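Read the structure below first, then the notes.
The values are calculated or read from the model by the stated rules, or taken from the named source; none is laboratory data. Predicted, not measured: the structure shown is a model, and the values here were computed from it. All Cβ positions, even for glycine, are placed from backbone atoms using ideal geometry, and neighbour counts span all protein chains on display.
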Amino acid sequence: MRFPVKLFLAVLLAYALFAQGTVRSWDGATMLAVTRSVVLEGTVAVPETTACMEGTDGRCYSRYGLAQSLAAIPWFVAGQLVANLVSNEVAEDDIITEFAVSWFNPVITALGCVVLYLLAVEVGLSAPVAAGCALIYAFGTGAFVQMKDFNSEPLAALLLVAAVYNLLRLGRTQSWQQAAVVGLCAGGLLLVRIASIVVVPILAIGLVWEALRISDRRRLTVWLTAFFVPVSVSLVITGVYNYLRFGSPTQFGYPPGAFVFRFWWGLGVQLFSPEAGRQSYAAQDERLRGEVAQALATMQELPVAELLQGLRTYPDQLKPWVAGILAAI
């Protein structure tokens with residue numbers, strides 16, 4: 001088994017001890033509502049929440065990118081199939097489907113660790129150092145917190161790192177297909193979070209730099225075309241999506257004045273907020289380590305009925321069960 005596969009499995013199994021098994025944030029709940037509406041009703045309209053805006057047809061629509069909700073459809077369908085096998089009541093209560101979708105971000109974050117490892121190797125770091133970088137990202141940054149819910153940061157991070165990795169590989173392969181992959185990653189990133197459009201010119205500059213480095217202007221034209229085609233398609237999809245919902249290609253569902261640039265306030269919140277600040281992660285990790293130690297010391301089995309009911313409060317009730325599986329592995 002190649003090391004990237006081992007890294008992916010190791011990180012994913014470790015995440016099993018900490019995954020909360022539910023979708024608790026407003027952002028995640030709204031994107032999950034879009035997934036549910038697409039699969040069950042064939043629409044992107046959602047029930048009224050604080051993270052939606054009334055569209056031109058009077059129904060509510062999510063203000064977030066469509067890609068996260070669409071990418072989670074396989075997880076939702078898998079959960080729905082299992083729920084239908086158990087009972088109709090369980091299927092209607094969304095316990096299992098929500099649990100299944102909550103595993104989307106752990107998988108995506110683990111994949112992000114693998115791509116980050118490959119990126120580190122690509123820039124010349126040794127395999128052990130690259131693995132250390134990936135593990136620091138997995139357990140020592142905000143990625144560890146974001147993977148527990150259904151927010152779009154893990155998917156955006158994966159696409160961004162993948163775009164940079166393929167851009168660096170372009171210098172060796174010098175193929176338009178590689179440039180197209182960079183464009184696909186950037187286009188997907190826009191469909192996840194439109195604010196990520198700021199990275200598009202940076203990636204384009206990287207393409208220009210690589211073409212000028214090898215002194216091939218004809219290749220530059222081909223590369224830029226391969227890059228901007230998927231990016232342009234993503235922008236068109238976003239514009240049409242906005243127009244159909246809100247009557248304007250540039251209306252994303254945020255009220256007027258929602259975006260205010262306050263750099264120092266944002267920096268302070270990121271560093272010192274008791275809920276989201278980087279300083280609070282250490283305390284949370286210490287608490288979680290204690291819970292894992294307790295789980296490993298008190299491994300026990302849960303009846304099926306308690307297991308299904310416990311999905312709503314995972315990992316507190318299920319952590320001993322999950323820890324027992326991992327210990328057996």
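List of remarks:
- Single match in GLU122, GLU210 (criterion: surrounded by 19 or more Cβ atoms within 10 Å (Cβ to Cβ) and of a type in the set (Asp, Glu)): GLU210
- First in the stretch 1-26 and without any contact (Cβ under 8 Å) to a residue 40 or more places away in the chain, second anywhere and in a loop (DSSP other than H, G, I, E, B), Cβ under 6 Å, 6 or more apart: TRP26/THR50; TRP26/ALA51
- Each residue in the stretch 41-81 was checked for being in a helix (DSSP H, G or I) and in contact (Cβ under 8 Å) with a residue 40 or more places away in the chain, and 6 pass.
- Test: residue in the stretch 142-153 that is farther than 30 Å from TYR254 by Cβ and either within 15 Å of the chain's Cα centre (by Cα) or among the hydrophobic types (A, V, I, L, M, F, W, C) (or both): no
- Out of ILE197, ILE202, sole residue that is more than 22 Å from ARG169 (Cβ to Cβ) and either modelled with pLDDT of 90 or more or not aliphatic (A, V, I, L, M) (or both): ILE197
- Unique residue being within 15 Å of LEU7 (Cβ to Cβ), assigned to a loop (DSSP other than H, G, I, E, B) and either of a type in the set (D, E, K, R) or more than 15 Å from the chain's Cα centre (by Cα) (or both) when the list is LEU135, LEU118, LEU125: LEU125
- Checking each residue in the stretch 5-40 for being of a type outside the set (A, V, I, L, M), surrounded by fewer than 18 Cβ atoms within 10 Å (Cβ to Cβ) and at pLDDT 90 or above picks out only LYS6.
- Residue match in the stretch 233-253 (condition: within 21 Å of the chain's Cα centre (by Cα), more than 19 Å from LEU66 (Cα to Cα), in contact (Cβ under 8 Å) with a residue 12 or more places away in the chain and part of a helix (DSSP H, G or I)): no
- Count of the stretch 92-115 residues, restricted to those that are within 19 Å of PHE144 (Cα to Cα) and outside any loop (DSSP other than H, G, I, E, B), is 15.
- In this entry, ASN166 is excluded by the filter for residues that are outside any helix (DSSP H, G or I) and either polar (S, T, N, Q) or under 14 Å from the mean Cα position of the chain (by Cα) (or both).
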